[in-house]
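Worksheet for the structure shown next.
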Amino acid sequence: MKYSQATDYALHAMLYLVAAAPDKPVGVQLLAEKLGVSQTYLSKMMTKLVKAGLIQSAPGANGGYRLRRKQEDISFLDIIHAIEGTASFFECSLNHDNECVIQKVVLDAERQMEQYLQNKKISELAEHFKGR
């Protein structure tokens with residue numbers, strides 16, 4: 001399984017917001033420079049994070065993005081779901097009379113991974129990232 005590059009950038013953007021100043025808005029230009037991505041591309045990802053309720057946008061000359069939720073409450077899974085959605089990675093394409101045993105195995109593995117990502121908070125990594 002593979003997450004999109006957008007998820008990679010969203011995780012890094014969220015980490016930067018937590019490490020920089022959780023209550024202070026960070027401009028999209030600065031975030032784009034830090035991540036080495038275009039402002040337009042980053043803005044699309046940030047819009048998804050806003051819609052998911054993870055961050056908020058502050059308008060104006062000193063505006064930008066800041067956390068909407070407490071940093072300790074934001075999990076990796078929250079960010080991944082905001083960008084990727086919640087659909088399963090695997091869908092059985094064969095017409096079984098009963099439930100697909102292969103799909104059961106894959107869904108169980110997904111649940112275990114999601115539980116791990118739900119328990120892993122982005123704030124746990126912020127100390128390693130400060131000053132970058």
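Pull up the stretch 87-109, narrow it to residues that are of a type outside the set (A, V, I, L, M, F, W, C) and in contact with an Asp or Glu (Cβ under 9 Å, 6 or more places away or on another chain), then point me to the one that is surrounded by the most Cβ atoms within 10 Å (Cβ to Cβ). Among those residues, the one meeting the criterion is Gln103. Selection within the stretch 73-106: residues that are of a type in the set (D, E, K, R) and within 14 Å of the chain's Cα centre (by Cα). The member of this set that is farthest from Met45 (Cα to Cα) is Asp73. Only residues that are small (Gly, Ala, Ser), part of a helix (DSSP H, G or I) and more than 22 Å from Leu125 (Cα to Cα) were counted across the stretch 19-67, and they come to 1.
Among the residues of the stretch 57-73, those identified as buried (at least 16 other Cβ atoms within 10 Å of the Cβ) and out of contact with any Leu (no Cβ under 7 Å at 6 or more places or on another chain) are Ser57, Gly64, Gln71. Cβ-Cβ contacts under 9 Å between residues 6 or more apart (or on different chains), taken from a first residue in the stretch 121-132 that is at pLDDT 90 or above to a second residue that is surrounded by 10 or more Cβ atoms within 10 Å (Cβ to Cβ) and not in a helix (DSSP H, G or I), are listed as Lys121/Ile74; Lys121/Ser75; Ile122/Ile74; Ile122/Ser75; Ser123/Pro22; Ser123/Lys70; Ser123/Ile74. Taking residues in the stretch 7-26 that are of a type in the set (S, T, N, Q), and partners anywhere that are assigned to a helix (DSSP H, G or I), the pairs with Cβ atoms closer than 6 Å and at least 6 places apart or on different chains are Thr7/Ile80; Thr7/Ile83; Thr7/Glu84.
The values are calculated or read from the model by the stated rules, or taken from the named source; none is laboratory data. What you are looking at is a predicted structure, and each value in this text was computed from that prediction instead of being measured. Cβ sites come from the backbone with ideal geometry, for glycine too, and all protein chains shown count toward neighbours.
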